[in-house]
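Read the structure below first, then the notes.
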Amino acid sequence: MNRATLYGAALGGLGVALGAFGAHALKDTLSPGALNTFETGVRYQMYHALALLALGAQPQQKRAPTWLLAGTALFSGSLYALALSGVKPLGAITPIGGVLQIAGWGFVLADALGARRARPRGSEHLN
């Protein structure tokens with residue numbers, strides 16, 4: 001199993017568990033705003049889990065998986081911590097995670113373009 005698939009599977013499984021936890025255990029505990037913050041964390045975690053699973057089928061994607069995982073850990077993790085604790089300064093971590101996610105998507109693009117340039121001429125019709 002490659003790194004992207006491993007990261008995607010771990011984030012996806014954890015995302016389902018956290019989503020269920022939020023929907024069932026936290027719905028009567030958190031304020032609507034805090035629950036919305038928690039759900040945003042789950043949503044972005046699942047988006048990136050699915051993206052990582054797709055990247056697992058792309059051998060040229062070497063850099064993006066680590067950046068996407070780190071960004072998601074900081075982005076979603078800080079939202080979970082903020083929602084559960086109410087400690088507002090934790091929200092300052094969220095944009096750092098978002099920047100790492102954006103960088104990861106930049107690496108997806110750069111590696112895809114690099115792989116396209118590396119293909120032998122005449123093979124464009126294969127993809």
(message) With the crude spin-label approximation of a point 7 Å out along Cα→Cβ, what separation in nm comes out for T5 versus I96?
(response) 3.3 nm
(request) Can you work out the PRE-style zone for S31? Point 7 Å along Cα to Cβ, and I want the residues of segment 77-103 with backbone N under 19 Å. (result) 78-94
(request) Can you figure out the FRET efficiency of A118 with T40, using R₀ = 30 Å and their beta-carbon distance, to the nearest 0.05? (result) 0.20
(request) Positive end of the charge dipole of the chain (Lys, Arg +1 and Asp, Glu -1 on Cβ, about the Cα centre): tell me which of W67, A112, A9 has its Cα farthest that way. (result) A112
(request) Only loop residues by DSSP count here, and only those with at most 10 other Cβ atoms within 10 Å; note down the trypsin sites (Lys or Arg not before Pro) in segment 19-127 that meet that. (result) R121
(request) Taking the Cα centre of the chain as origin, work out the dipole magnitude from +1 charges on Lys and Arg Cβ and -1 charges on Asp and Glu Cβ, in debye rounded to 20. (result) 480 debye
(message) Quick check on the exposure proxy: order F75, F21 from fewest to most C-beta atoms within 10 angstrom.
(response) F21, F75
(request) Work out, in µm²/s and without decimals, the Stokes-Einstein translational diffusion coefficient of segment 3-118 at 4 °C, 1.567 mPa s, Rh from Kirkwood over C-alpha pairs. (result) 89 µm²/s
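Read-outs: derived from the displayed coordinates by stated rules, not from any lab. Note that the coordinates shown come from a computational prediction; the quantities given were computed from them, not determined experimentally. Using ideal geometry, Cβ is built from the backbone for each residue, glycine included, and neighbour counts are taken over all protein chains shown.
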